[in-house]
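The values are calculated or read from the model by the stated rules, or taken from the named source; none is laboratory data. Since this is a predicted model, take the numbers as computed values, not measurements. Methodologically, a virtual Cβ is constructed for each residue, glycine included, from the backbone with ideal geometry; neighbour enumeration extends over all protein chains shown. Ligands, DNA and RNA are stripped out before the accessible areas are found, and what is left, the full protein with its side chains, is counted by its heavy atoms. Shrake-Rupley method; radii C 1.70, N 1.55, O 1.52, S 1.80 Å.
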Amino acid sequence: MLSSMRRPVAVALLVSAAAGGAEACPGSSSLVHARAQVTTTFPGTGCDDVRAEMKARIAGQGGWVDPHNGGTYTLLSESANGFSAERVTANKKYTDNMDFTFQASGAGGCELQGCSESQVTSIADFSTNFCNLHDLYCGSSDGCPVASKDFTYTESSTKSLGASTDKTACVVQDAVAISPPALRSLAAVCPPSGFDTQGALEGGFDLQWYVRGKWHIQQQMVLTYLPKEYVYCVTAQYTVLDKPSLLGYDIQVDNYAENAEGKVQGPIRQICSKIGNKAEGKLKVAPCFLPTALSGDYWVVAFDKEEDWALISGGPPKNQAPDGKSCRTGTGVNGSGLWIFTRKQQRDEALIQKIRGIAIAKGFDVSVLNDIDHTKCSSSEEISV
């Protein structure tokens, strides 16, 4: 009897010893459980910014979705030095608790201490506890979606015996990495459950901001009316009409694109848009000579007014991608398209990767996006008349 009681205690001690001290850990009611701890330094970024971004991800701001199989984070409590949170797996069966503390470091930087512990009996966790922590601050360099800010950081970790700290496991959509392991359906539901625009989910969309100046398309999807060779100097300019057109359109849209030889795409470069839901960033577009009943969805899926960018799609992505894990719009006329817009012409790779991460978190297959080349474009080449 005594021997059988000692065995799980010994295992628990081995599990705890491998992870180091547990001063910043939330604890667990399970005697034998997996755990991971991180120490992460953010040079040149203050703790207020790091903390705000992590809380924004927990709250799902900016359309952020947990990239590790869509778990659900909840903020449990806060203090002056940190906060506590929990994450429930997508199948609602498993819960992990986390503690985070923040301390200013040299040159305006921040040091984060984090610990995640499984609340059920577990030894192997397939990096889940590590990913619980990592996914709240990782950036585009690791393929992670962000809510608002993309950080540079250095990261070290410790773990309990049998747990893992593989960050390549932290951005996946096809398996729930838990202990004991369980798999979710590999087939994506399209459009993803709860899919909507940022304006619909959070508010804050401003049509006047959106139409105030020319947009430079940085990446776009090939469609029947957007051939793959027209990927140079692509722009879009919106003009709100003084009054609706005879067919009921509210906005004139002037598009411009060239091929490698400088040939301008045509014959239709000007189309029209009808405001569907102004507050939610939902428009309808079509050639100006068609009735509005034949127009197609054109949604501002995500945006940032300060950074001046927008993620546009032809409505919700209703088609499953070939990988079975993500979704696409169609490729025809209506209900089709995916674009990354920036107000600045010059390409900002970090920003583009950030927006791609947001698109991934919204369920889009970003492999359909092709780069647009603006390197040889002059202002006169980009103006539509």
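The figures follow:
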{"read-out": "Average accessible surface area per residue within segment 72-143, 1.4 Å rolling probe, Å²", "value": "37"}
{"read-out": "Solvent-accessible surface (1.4 angstrom probe) belonging to D125, in square angstrom, nearest 10", "value": "0"}
{"read-out": "Acute angle (nearest 10 degrees) that the helix 349-361 long axis makes with the longest principal axis of the chain, alpha-carbon atoms", "value": "70"}
{"read-out": "Candidates per trypsin sites (Lys or Arg not before Pro) in segment 88-165, loop by DSSP, up to 15 other Cβ within 10 Å", "value": "K92, K93"}
{"read-out": "Antiparallel DSSP beta bridges within segment 242-385, percent to nearest 5", "value": "95"}
{"read-out": "Percent of beta bridges antiparallel (DSSP, the chain, rounded to nearest 5)", "value": "95"}
{"read-out": "Sequence-separation-based contact order of the chain, relative, with Cα cut under 8 Å and 6+ spacing, percent", "value": "17"}
{"read-out": "Probe 1.4 Å - accessible area at S367, Å² to nearest ten", "value": "80"}
{"read-out": "Protein accessible area in the chain, 1.4 Å probe - carbon and sulfur %", "value": "54"}
{"read-out": "Percentage, to the nearest whole number, of Cα pairs in segment 266-371 over 16 Å apart", "value": "61"}
{"read-out": "Chain lengthening between A80 and K263 when straightened (0.36 nm per residue, less Cα-Cα)", "value": "59.9 nm"}
{"read-out": "Among S336, S28, S156: highest mean-square fluctuation, GNM of the chain, C-alpha pairs under 10 Å", "value": "S156"}
{"read-out": "Nearby lysines by direct alpha-carbon distance to K55 (threshold 26 angstrom, same-chain neighbours under 8 apart not counted)", "value": "K92, K93, K149, K159, K167, K305, K354, K362"}
{"read-out": "Per residue accessible area in Å² of segment 218-306, where ligands, DNA and RNA are left out and the probe is 1.4 Å", "value": "50"}
